[in-house]
Each structure stands twice: as structure tokens, then as C-alpha cells.
1. Roughly how far apart, in whole Å, are the Cα centres of the range B:202-265 and the range B:289-320?
2. Specify which residue in the list A:25, A:278, B:393 is farthest towards the positive end of the charge dipole of the protein assembly as shown, using unit charges on the beta carbon of Lys, Arg (+1) and Asp, Glu (-1), about the Cα centre.
3. Would you kindly compute the Cα radius of gyration of chain A and its largest Cα-Cα separation (Dmax), both in Å?
4. Using only Cα atoms, locate the centre of the range A:181-223 and the centre of the range A:122-153, then give the distance between them in Å, rounded to an integer.
5. Could you give each residue of the range B:605-614 its phi-based ³J(HN,Hα) in whole Hz, using Karplus coefficients 6.51, -1.76, 1.60 with θ = phi - 60°, and x for Gly or Pro?
6. Is the C-alpha gyration tensor of the range A:196-277 telling us rounded, prolate or oblate? Criteria: a/c under 1.5 is rounded; beyond that, a/b larger than b/c is prolate, otherwise oblate.
7. Send over the semi-axes of the protein assembly as shown's equivalent ellipsoid, whole angstrom and largest first, taken as the square roots of 5 times the C-alpha gyration tensor eigenvalues.
8. Roughly speaking, what is the stretch gain from residue B:652 to residue B:282, that is 0.36 nm per residue apart minus the C-alpha to C-alpha distance, in nm to one decimal?
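Quick note: the coordinates plus some simple rules give every number you see, no bench work behind them. What you are looking at is a predicted structure, and each value in this text was computed from that prediction instead of being measured. Here the Cβ positions follow ideal geometry from the backbone for every residue, glycine too, while neighbour counts run over all protein chains shown.
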Amino acid sequence: MSGKWLNVLAVVVWATILTACMDYGPIERESISSSGRGLFIVCEGNFMYGNASLSYYDIDSMKVQNTVFARVNGKRLGDVAQSMAVRDGRGYIVVNNSGVIYVIDPETFEWIGEIKGLLSPRYIHFLDDRKAYVTDLYSPYISVIDPLEMRITKRIPVGFADKTQPSTEQMVQWDKYVFTNCWSYDDKILIIDTERDTLDGYIEVGMQPTSIVIDCNEKIWVVTDGGYENSPMGQEPGALYRIDPATRRIEQTFPFAFGESGSELCTNGRRDTIFFIQKHVWSMNVNATEFPQQPFLENDTKNYWYGLAVDPKTSEVYLADAIDYTQSGVIYRYSPKGVLLDRFEVGIIPGAFCFTEGDGH
Amino acid sequence: MDIKKWLLAGVFSLFAVAAAAQEMREVKIDEVEVNARRKLSEVGVTRTSLDSAVLRDNVTSSMADLLAQNTTIFIKSYGRGSMASASFRGTAPSHTQVLWNGMKLNSPMLGMVDFSMIPSYFIDGVDICPGASSVNVSGGGLGGAIALSTRPPEEPGWGLRFIQGYGSFDTWDEFLRVDYAGERFQSTTRFSYTVSENDFPYIDYQDPTLEGTYPRKRNRNGRYRDLHAMQEIYWQTRKGDRFGAAVWFVSSKRGIPMLNIDQRESGRARNEQTESTLRAVASWNRVRSNAKFGAKAGWIYTNSIYTFEGDNGNEALMEMQHAQSIVKSGFAEADASWFPNEKWMIEGSLSAQLHSAYNRERYTKTHYDKMRAELSLLAQAKYRPWERLGIGADVRWESYGRHVCAPVPAGFVEVILWPRYNLLLKASVTRNLRFPTLNDLYFQPGGNPDLKSEKGYTWDGGIEWSVRKRWFDFSADFTAYNSHIRDWILWLPTARGFWTPVNVNKVHSYGVELRGKLALRFGKGWTLDLNANWSWTPSINYGDKKSWSDESIGKQLPYIPRYSSNVVGRLGWRGFSFVYKYVYYSERFTTTSNDTDVITRLGSYYMSDIILEKLFRFGFGDLSVKFCVYNLYDEAYVSVLSRPMPGRNYGVALSIAPRWGSKNHRSE
């Protein structure tokens, strides 16, 4: 072949390459549906990556579907999916750094609507069919929303004039009061009067309360991480606290060793046992007066376990391993006796769980 | 398909060029110029220098665009007017050492350089030194080093050039350069000011409405304003001493664009970064018949503030994060070179840096305030025993704080196979290291004072050749490399919710780089210049498994493309020039397990820009008008997850260079 023709051929090949198109466009939509009891796994994704996702695990068939929100709706879930709750046939996914709560049909995963106007939402707590509270990492307010109308109806100021802005997190309800833990550089459990929608006081616990639950005895449990070395707050041993909501006093404290921190507090279905992560997974009867000697599940890996949930019906335990936080996480399913039943891959940084009964609840 | 296409293109192009060269060789063989003798300091070194023509073509671009379009360096750009980092051969941005007039620009806190903050207009020379070739430029270049330089004006007398640019999205650029070159004294003053609303529209294909349509959105909170001013002075004595000083001031205010999946209302949440930087460096050089001496001293001051403001529920925005970093760095260096005869070169240098870093978050009150001294001693020898053989060795010793690092050796060899065509084989090897940054060690929360230095072992070898005739100039080189890095520093979350750096990863990167340049001078004023780069860059994690479910081992590192290439073609005729720029990256994974699901994979990247320019010569000076089309094919894309990029957009630039007296320059 002469040089002339090779030149022509090279030009043609180059032109073909130069006009190639980028592989970016709509996400192909699929129909996926759930049946029976299921577990939503909320995968945070990486901060500022926008790669949060929602996985769905069929508890009976032990099958998992990943990225269901994006696959069904052709839409990315957003940046840092924090938590999820199901109520009255609707799933509410709180997407922290997108400032939104997506409302979906928990059976078809179809997107129904959204609640906007939030700054950095963390958790949602339902008071009744028309009223729910949404906590926030940065906002000096807890937002009151109407879940049916999917709009904010009111804001409850939670700031203190002489204190730094509290970051409100998880919520539990006792009587007409909602208790919420302030985790980030704080040591308080705020108390909200749900009838007046006002801040009614607070309880001081240890440094950085990470999670909160209420047991069958109507006692509130809080676990703290104790801060960290060189923190402006200082550092102390993390601890587990039992609080009487009626008197608003700490009844009992179970301190950890210095440098140990606790998180992911949850209860079983009967709420007579609490579970939490403190390097290992621990379980403890709510009437116990001493810290257990042996963990429920021992962590012999180099990793910190990132999420924990207990099936309210079967008391099976689900444990999330985010591995290196930049790959698909893994969920381990254990029997109430601690026997491994299943293992499945989900999205990036699985951090929160939400059980659904398959009848819209 | 991508690989096949590229192989085909490469093969056909090589054949085409070879055939063209063959035809010319048949008729013009007597015009081949022999230029095999390289400088002793270059023995075995792989160095790519961007010539003045490339810099001239890109005066209104940032250094990030320049490198992406003209080198094998991978630029990870977070979007228009946003951060852009540079990676060599599958390494991290902090493994790229960047120098300006011999002074290191890498932030001692972050370890990297934002190339979007360096306007090409402020740089006169760019030398790219990958792998072992970086050892005599700087320590810590596990990937390589980029040496940026300014130079005294060459044309005698006064010179002035002003460029006014205007582009899409209300973007205004002003560039001014005033030169004076006397017999012994030269001065250059440069100024640039860029401001842009940067609110480009885009179709969001991955955030449809409830009705199923794809909304046309605008880039939000992307406004930026960058001001740069630089003054250089140079003075040469009759005895051969050269003194120089340069001061570079930067003031920048940039919005951090909201992600495309951010559902907050515009103006109800705002991230912003402001930076003020002053860099100053002074130098002295003395050249003797068989020796060179030099000394430098410099100072860098950077004050950067990141803020996040959010809706406080009462219409007003309230500041919720305010992180300030102040870095002061002093620098001093002395070097000497000795050429005892034509066969030997011996060189040594000693440099010292003293950093002071202060970082504080106003609301959480987290902070650190640290000082660190860094020393670096370099000795190198180059020897050419025979005309066709050169060998060299470098040794660099470094210390930071109280840590004295192991010596960094590097070896070089080159063999000239065919002097007529400057055909030479070259190879180099080194065992390098990079010590942790101040943030790695002390950032609150998460800094890890027990971190070890990252260690790298790398070798490369290649062949280069060039042919030069009166109207034909061709050069090409091929390099293969192999690199192992261990104790790679990676930030991972802790049980307390913050991240901390640990020495975990082991990375094996290897690959091939091809570079080619072709310049043709046809009759009747026609010219054609082609510059092409191609690289294959596997960069594989082979560290220990974090847990038995870890799928990252044996996988490509996130955001590093396996294949990349670029082509710049420039066709010129009687003052007109038409430039085509093309950049390609293969698919990139954003997870360490290389997942390919719909929300984590980034598809292949193809970008084409064109520029049409006309130069008018008048008696009073030169005037040029440039029209640019960026993203020629109006691609909808993201280069980094959730960061929208603009579709086709335009820019015009008017350049004026008055001519005084007999001076006749700046008309290129």
C-alpha cells in the first residue's frame, strides 16, 4: 500500500475515533418488586461522590437486589443516604448531603415524591399519620413535616444561646416526649415536647452519644464514643447509659475501657435485649446490672463494623462491613445464637437498615 | 473496542508517518541533521519539555488543560473552575512533585498541587520528569516531577501584550504582560484576572423528574474569581553572575459547585473557598567554563478558608463550617556542578525547607499548629566513556522533622544506536520515598503521627528517535515502566466517625507510554504540527485484604484510566491557524473493587476542542483574534461522579502586541 493511501486510511481511522461519543446518559429503568418480608439496606456511599444506593434483601428467599432506587426510577439516590423508615405503605429515605427525603413505594421501589427544604437531614421519626420530626446535622432546627403532603410544616429551634449548634440524630419517644442524641462534639440528649413542638430540656451524658433506643421497660439507652485524642472536647472512655425518661436522670452507666467507643445501638423485637458495636457486637439483657463478659459476635478482622440491626420478628442479627469504604459492602446475617446464616454484597458503605413486613409496614 | 480502535489508529499512523518519512528519505537524505549528542545532565533521563509554541497556544488555559492535552499525565478535574490534580503513571496526585523556579509548590499540608490555579500565561517552561528522572529534580516524586519555570525575555527593548477574552457563562479573562530586556537587566510583569458566573446549563440524565423527563439544570454555586500578578527581574553582571527574583501573588475566591444530585435549593446552601498566596523566589547563578554554581531562597505564604453556609430556617444563611489553613514555608538551596572534562559531570545540591502550618475549624474548635523542617541533599554524577554510551547515578538523602530517611539512589544509562537518526536506548531505575504530609500526621481529627513514609521502586526503559530535515521534523519515543509502591497512605474511617490515614496499600503500576511529534513545512506558507501521546497504565492494588470479603486486591485503582491519549494538531497558513485538540481516557472505576454498576462507573471520555486564530500584522503592532469551541460535539458527561460538565461552549480572545522601535516580536 502506498504512503498516500496509508495516510488516507490513517485520517479515516483517526476521524472515527475523534467523533466517538461518551458513554453517559439515562439509567435504564427496570421493574423490580418485593414480596414478603424484606430488609432495606441504606448504603451511604462516599461523601461528595453521589453514589449512595438502596439495596433490598428478601428475608425468606435470601435474595438481594442492589441499587434498586436507581434501577427502578432511572435516578441516582444522591449523596450520603443516612436512614430509612417505612410507614403506611411508604418508604422514606433520608439522603443527608442531598438535603432531601425521597418517598418510595416499598413494594415496587417506585419514587412517589420527595420532601425538600432540608439542610442536612439525618433521621425521621413519625408521631402520627400527619406529623413527623426530621433531625439535622447542621440546622439549628428540627423540622416538622407532614408525611402525606410531603412538606415542612414547622421548625423547632434546638439551639442554645451559649452553646455550639447541636447536631440532632436518632429519636425515640416516651410519652409525649421525643429524645434525640446530639452526637457531633456534644454530650446531650435533647427532649422535645411533641404537643407544643418545643425544646423541653436536655440530659447530659458522656461525650458524643452516637445512638439511642428505648427498651421494654420504657428505659432509654444511649451509647457514646467518648470523643478522641486531642479533641477540643477532650477524651473520656465511651460508655453505655441507661436513663429513666420520667425523672430524666441517668440510672446506670457501663463505662468502656479508655479509647473504646460504642455505636449502632439497637434492640430485638421484644425490646428486652440491646445490641451494640464496641469493636465486637455485644448483646445485653435490659435488666442486667453488669456488662457481659463475652461478646455476641467477635470481630477478628482489622475492620470496624459499620452497621447493625436486629430483626424485630426473628431476632436474627444483620451486620454491615464497609470493608475499605470504597467498594461494595457486605452484610452478614446471623441467627439469634450467632450462627452465620447468609452473606451478601450490597452498595458502598452500608450504614442503616429498615425492615418491611411486605404489607406496606 | 476501545483498545482495538487505538491499536488500529496507532498502527496506521505509524505506517503513514513511516511511509511519508521513507518517501522523503528517498529524495532528501542529504538533509538529515545529526544531533545525537545530548547534554551530560540528560544522560538516561526521560524528560518531556513543552515547547514555547504549546505554551503560546494555551495562554488562556490553565496548566491543568495544558497537561491533559499535551502529556501522558492524567488530570482529574472536578469541573470548570474547580480543583484539578495531576497523576503520573497510575500514582496519586501527592506522588507528583511540582516545582516553580526550583521551589516546591506542593502543599505541605495536602501534598498536592491544584493545577487549575496555575495559569499557563504565567509559565514559560514545563519539564515533565517521570519516575527515576524526577530524583535530580525533587524528592518524593514516586510518580514523577513537573518543573515549571519562568524565563527572562529574550527580545531586546520593551514589549507588551494584552489579551482580552470573553467566553460562555459570562466568563471574562484579562491577561497582561509587560517585558523589558536590556543588555544586563530584564523585567517581566504579568497580570491575569478571570471571573466567571460558571452557571452553565446541562441536561441531567440521571435525575429525571417525576414525570420522567430529563430536566435542564444549571451549574449552581460555581462562580469563581482568580487574580494572579507576577513580577520578575533578572540581572547579569559582567563577570557572569546571574541574579533573578520572582514574586507571584494569587487571590482566588471560588464557589464549590453543588453536586448534580443535590436537591437543596440554590442559594440555600453554599460552599466556598478563598485563597491568598504569595510566592517569592530569588536566585543567583554563576557559570564558569567547567563549573556552575547557584543558590536560591524562597518564601510561600498561603491563607485558605473553606466555609459552608446553610439555611437557618429563617431565610438567612448561617455559617456552619469555617476551616482556615495558614501555611508559611521558607526555602533555601545551593547547588554546584563541575565538568572536569567532556566525559564527566558531577553535581551536588543541598536544600532546606521550613514549614509552619496552622489549621483550625471555627465551630468544632479542632485545630493543629505545627512546624517541620525538611532537608534534602543530592549528589549526582554523569559519565560518558564513549561517544555512544552514557551512564549516571544520583543519590538523594532526605529528612523531615526528626526522621532521617533512607538514601534514594537512582541509576541511568543510555546508548546511542544510530546517531544519524538520534536513535537511542535509555533506562533508569530508582528506589524512592515520600514522607507523610502535615495533615497525614497531625490533622484533627484523624491525623496519625505514627505513619511511615511511602516507598517506591521503579524502573523504566525506552527508545527515542528523531529525524530533522529542512521541512520535516519528526520525533518519537517509547517508554515502558514498572513500579511498586508500598506503605501507600490511605485515609480510612474509624469507629468514631472520622477518617484517619494508615499505611495499607501496595500498588503495582506498569505500562507503556508513546509520544510522537511531527512538524511539516509545506510550500506556500502551509504548516502542520502534530503532537500525540498514548499510554497504557495498569495500576493494581495488591495490598492485604481488609477482610475476607475484600474484592479490591488485583484491581485497578479508582479514577485511574487504563488507557489515555491525546492529540493536538495545528494547521497554519499565512497568519491563520486551526488547532484541533483531542483527549481520551478509557473507562474509570470509582470503587476499589472496580464495580461496573450504573452509579459507580465512569464511561470512556472523549473530548474535542477547536481553535481558529488569525494574526494581523500592522505597523503599530500585531493583533490576533482567536475563536475557540470547547466540547465540540456537545457531549453531556461527568468527569468525576456527580460533577456536571458544560456542553459545547465558546470563547473569543483578542490579543494586542504593540511594536516599539525595531522590536518585532510577540507576534507568534
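1. 13
2. B:393
3. Rg then Dmax for chain A, in Å: 23.1, 95.
4. Centre-to-centre (Cα) distance: 17 Å.
5. Using θ = phi - 60°, the values come out as 10, 10, 10, 10, 10, 10, 9, 10, 9, 10 Hz.
6. On the way: a/c = 2.11, a/b = 1.30, b/c = 1.63.
Because a/c hits 1.5 or more and a/b fails to exceed b/c, the range A:196-277 counts as oblate.
7. Working: eigenvalues 627, 188, 159 Å².
Computed over the protein assembly as shown, the values are 56, 31, 28 Å.
8. Details: separation 370, 0.36 × 370 = 133.20 nm, distance 3.63 nm.
So the chain would gain 129.6 nm between residue B:652 and residue B:282.
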